[in-house]
Amino acid sequence: TGEVKRFLRDDGMIKVSRSLKEIANKVRITKDSLNGTLNREPTLEEIAQELNMEREDIVMALEAVGEVESLQKTIYQ
Amino acid sequence: MNTKQTNEMQIEFDSKSENEGFARVAVAAFLTQLNPTVEEVADVKTAVSEAVTNSIIHGYEKKRGKIFIRCIMQEDEIVVSISDKGKGIADIKKAMEPLFTTKPELERSGMGFAFMEAFMDQVDVISEVGIGTTVTMKKKIENSSTFRVSGDELNG
Amino acid sequence: MNTKQTNEMQIEFDSKSENEGFARVAVAAFLTQLNPTVEEVADVKTAVSEAVTNSIIHGYEKKRGKIFIRCIMQEDEIVVSISDKGKGIADIKKAMEPLFTTKPELERSGMGFAFMEAFMDQVDVISEVGIGTTVTMKKKIENSSTFRVSGDELNG
Ligand SMILES: Nc1ncnc2c1ncn2[C@@H]1O[C@H](COP(=O)(O)OP(=O)(O)O)[C@@H](O)[C@H]1O
Ligand SMILES: Nc1ncnc2c1ncn2[C@@H]1O[C@H](COP(=O)(O)OP(=O)(O)O)[C@@H](O)[C@H]1O
Ligand SMILES: [Mg+2]
Ligand SMILES: [Mg+2]
């Protein structure tokens, strides 16, 4: 089965996945740069298009690096 | 004729703290269909985390039980209900007061409901002692492009 | 005495192609508890995608129905079942042959089951015409640290 997988991946039928941390970093950079050009928070779709990814996979990558820090910002500021 | 587009999902899982992350990502992944910002996703995740943690810690007191999540999206709004069949809440009004807790040994004590109310537009709690608790939360997504035109782009 | 650690979840959602991404990520998020590699996660996501897409396109033929996913983790193995109450498969053996398809107009025609078999350790199909289809897939996670002590590292 290893061969089948390799064939499918080499054929470009399956996207080779990058590490979640790598994706999360790209998401953050893209989000910040879009924030600058749009002058507002970008939507997930805007980030997804820039990175050629699905919105759902972006959410999963963000979870991996933990971005639940908006808490302190809102409550304790 | 009802022209409103809706979409719905339900999850059921064991009341183990390892599942808190799964529950929050599942709801967040579903929410992406409303095209939220990263901040809006984080808000919903935080609220879901707090409600699920409450079901695990207070509802089932770490014994094994089932937690149920129901999500409905209607136009630009998401409605998330989190339910348990645990011990229930005797005084809901008191339970929702900031800093009120029956387990003072925990971190962020007594701020769970305050967080849910801060991050969501609306929070409603139904509970009965010995029967269980349901927390229903709503949030409008500001720049929502409502639903995706088709899922075909998924294969792109 | 059963000392095996298990964990279980179930999802139910509308058979809309927008939900394929949600389903794939929900299963992947649950799977992270077994500490899989990036590649193992990608394998499971691909297999889930194919099975869910089949239920939407072939099972319900784009009409609205419910799709059910059940995931059980037992030690280092994940078992994922994807079910629909759609039209069912008359000849399962034939359906599973590479390149066999009843909808030749689709992309990657006839390779769905081949993908599932390539990416998972085991694929079993139960189906009855007019009743529905259940695809059950298993995969061992090689370097599984079995269950995480807690989900807290997700916040790390
Ligand atoms: N699902 C639940 N089942 C039973 N009791 C609950 C539940 N959720 C909340 N409570 C009660 O409400 C109180 C306040 O909850 P919360 O604001 O989240 O603070 P904390 O969890 O830190 O105690 C809890 O201490 C508990 O007594
Ligand atoms: N859930 C399902 N319900 C009904 N028929 C199905 C289902 N899944 C697969 N099939 C049948 O099996 C065939 C092969 O499936 P698959 O290998 O995924 O290829 P494809 O989806 O490209 O046709 C389909 O063309 C269809 O006839
Ligand atoms: Mg709490
Ligand atoms: Mg297919």
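The table for this structure:
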| item | result |
| --- | --- |
| Amide H within-cut-off set for C:E75, under 5 Å, with H built and near neighbours excluded | C:Q5 |
| Amide H within-cut-off set for C:E18, under 5 Å, with H built and near neighbours excluded | B:G151 |
| B:M111 long-range amide H proximity, modeled H, under 5 Å | B:L99 |
| Helix B:19-31 vs. chain B, principal-axis angle (Cα, 0 to 90°, nearest 10) | 30 degrees |
| Dimensions (Å) - the range B:37-102, Cα atoms, principal axes, largest first | 35, 27, 18 |
| √(5λ) per eigenvalue of the Cα gyration tensor, the range A:16-68, largest first, Å | 18, 12, 9 |
| Distance between modelled label sites at A:D32 and C:L106, nm, 7 Å Cα→Cβ extension | 4.2 nm |
| The range B:6-144 - convex hull of alpha carbons, volume per residue in Å³ | 96 Å³ |
| DSSP-loop trypsin sites (Lys or Arg not before Pro) across the range B:11-96, with at most 12 other Cβ within 10 angstrom | B:K62, B:K63, B:R64 |
| Other protein chain Cβ atoms within 10 Å, averaged over every residue that makes up C:39-49 | 3 |
| Degrees separating the helix C:38-54 axis from the principal Cα axis of chain C, which is the longest one | 30 degrees |
| Calculated [θ] (222 nm, deg cm²/dmol) that DSSP helices of n ≥ 4 give over chain C, each run adding -39,500 (n - 2.57) | -8500 deg cm²/dmol |
| Within 10 Å of each Cβ in C:5-17, the average number of Cβ atoms from other chains | 5 |
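Laboratory data are not the source of any read-out in this text; all were calculated from the coordinates shown. From a predicted model like this one, the values you see are computed outputs, not experimental measurements. A quick note on method: Cβ atoms are made from the backbone with ideal geometry, for glycine too, and the neighbour counts reach across all protein chains shown.
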